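Only one structure is covered here, and it is reproduced in the block below.
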Amino acid sequence: MKKHNKAAIIFLSPFVLLFIIFVLYAVINFATAASYSSIQSPQPIISEEPSSDLVFNEVTSTFDTFNVTPTVSDTSLRGTVSSIINIVLSFLGIIALLGIFVSIPLGIFVLIKEDKPKA
């Protein structure tokens, strides 16, 4: 393998890993939110007088005018699994971010290192 190829792999690997982690995080959160909404459809809050109060939706972690509260028995396993996956992805993201600070000087070192002549 050429020296330039090694340096390019060392430079780019943490960035590629970080990109993959972001994509996996988005996909997993989308999938778990879709599975929560398939359990119970949102019920609009009906009040006699118009209200501008927003309700915190625990499923999507946003404020809206729908009150979705899935039961614990339906979502405890899904919620636990998605939380564990998010924690693992967070640690991988931290490692990838720290890897950027290591890989740039290491890639520069590999790039400027002179090969020893063969005897």
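The table below gives the values:
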item: Pair list, Cβ < 7 Å and 6+ apart or interchain, from the range 90-116 residues that are touching a residue at least 12 places away in the same chain (Cβ under 8 Å) to residues that are polar (S, T, N, Q) and part of a helix (DSSP H, G or I); result: Ser103/Ser13
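Condition check ((1) modelled with pLDDT under 90; (2) assigned to a helix (DSSP H, G or I); (3) surrounded by 12 or more Cβ atoms within 10 Å (Cβ to Cβ)) across all residues:
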{"site": "Met1", "(1), (2), (3)": "yes, no, no"}
{"site": "Phe15", "(1), (2), (3)": "no, yes, yes"}
{"site": "Phe22", "(1), (2), (3)": "no, yes, yes"}
{"site": "Tyr25", "(1), (2), (3)": "no, yes, yes"}
{"site": "Thr32", "(1), (2), (3)": "yes, yes, yes"}
{"site": "Ser35", "(1), (2), (3)": "yes, yes, yes"}
{"site": "Ser41", "(1), (2), (3)": "yes, no, no"}
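The values are calculated or read from the model by the stated rules, or taken from the named source; none is laboratory data. In this text, all values refer to a predicted model and were calculated from it rather than measured experimentally. Glycine also receives a Cβ, built like all others from the backbone with ideal geometry; neighbour counts cover every protein chain displayed.
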